[in-house]
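The values are calculated or read from the model by the stated rules, or taken from the named source; none is laboratory data. What you see is a predicted model, and the numbers here were worked out from it, not measured in a lab. Cβ placement follows ideal geometry from the backbone for every residue including glycine, while neighbour counts extend to all protein chains displayed.
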Amino acid sequence: MSEQTASQDVPKRVECPAAKDPAVRLFILAAMLIGFGIWCFLDRGNYQWKPDGSINEKLGYILNHGGAIALPVVGLVLLAWGVLFLRRRLVADQDGIGYAGREKIPWDSVTSLDSSKLQDKGILYLRYGEGGRRRLVLDEWKLKNFRALVRLVESKVPRVEGQ
């Protein structure tokens, strides 16, 4: 346990809702793809298939006719992914850590804590399971209330640098 953790009070329960920045990036990309798909749909009359045409004419036809379908579908998938990302919530308490609605990882099954990227990137790696084969990544960019989570995790798990 670090001196900083020992000097601060350790919370008994920490809830970390999802940060909005990663989801906003997905929403922007989804809006762009849906917009390009609509543009391809509206513009497809300008591109007709010419069997003896150049490769650029054929690719223009394929992009405008195929893109009118494929781009909005991919955009809707990214939109759904962003909504699901915003609904995630990490919960850590005295019993264990895990995302709400999923199986919680008990503290006694966590074998090590790798904090080698905590200062630079705000990332913690928790190794758990049989022989530490599985890994849970805790990322400050994706989670709110991250500092309280770090204090709770450091009080529960031994720290191993650079694993």
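The table below gives the values:
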{"quantity": "Residue among 66, 98, 60 that is of a type in the set (Gly, Ala, Ser), without any contact (Cβ under 8 Å) to a residue 60 or more places away in the chain and closer than 25 Å to residue 21 by Cβ", "calculated": "98"}
{"quantity": "So residue 78, is it free of Cβ contacts under 8 Å to residues at least 60 places away in the same chain, surrounded by 14 or more Cβ atoms within 10 Å (Cβ to Cβ) and not in a strand (DSSP E or B)", "calculated": "yes"}
{"quantity": "Scope the range 39-79; condition modelled with pLDDT of 80 or more and of a type in the set (Phe, Trp, Tyr); matching residues", "calculated": "39, 41, 61"}
{"quantity": "Any chance residue 117 is in the same structural domain as residue 148 (by TED's automatic domain parsing) and of a type in the set (D, E, K, R)", "calculated": "yes"}
{"quantity": "The range 89-112, subset more than 20 Å from the chain's Cα centre (by Cα) and outside any loop (DSSP other than H, G, I, E, B), residue surrounded by the most Cβ atoms within 10 Å (Cβ to Cβ)", "calculated": "110"}
{"quantity": "Only listed residue being in contact with a helix residue (DSSP H, G or I) (Cβ under 8 Å, 6 or more places away or on another chain), closer than 14 Å to residue 90 by Cβ and in contact (Cβ under 8 Å) with a residue 60 or more places away in the chain, chosen from 143, 124", "calculated": "143"}
{"quantity": "Checking residue 84 against (1) free of Cβ contacts under 8 Å to residues at least 40 places away in the same chain; (2) farther than 30 Å from residue 125 by Cβ, the condition it does not meet", "calculated": "(2)"}
{"quantity": "Scan of the range 143-163 for residues that are aliphatic (A, V, I, L, M) and at pLDDT 90 or above, ordered by number", "calculated": "143, 148, 149, 150, 152, 153"}
{"quantity": "Test for residue 126: is it over 15 Å from the mean Cα position of the chain (by Cα) and of a type outside the set (Lys, Arg)", "calculated": "yes"}
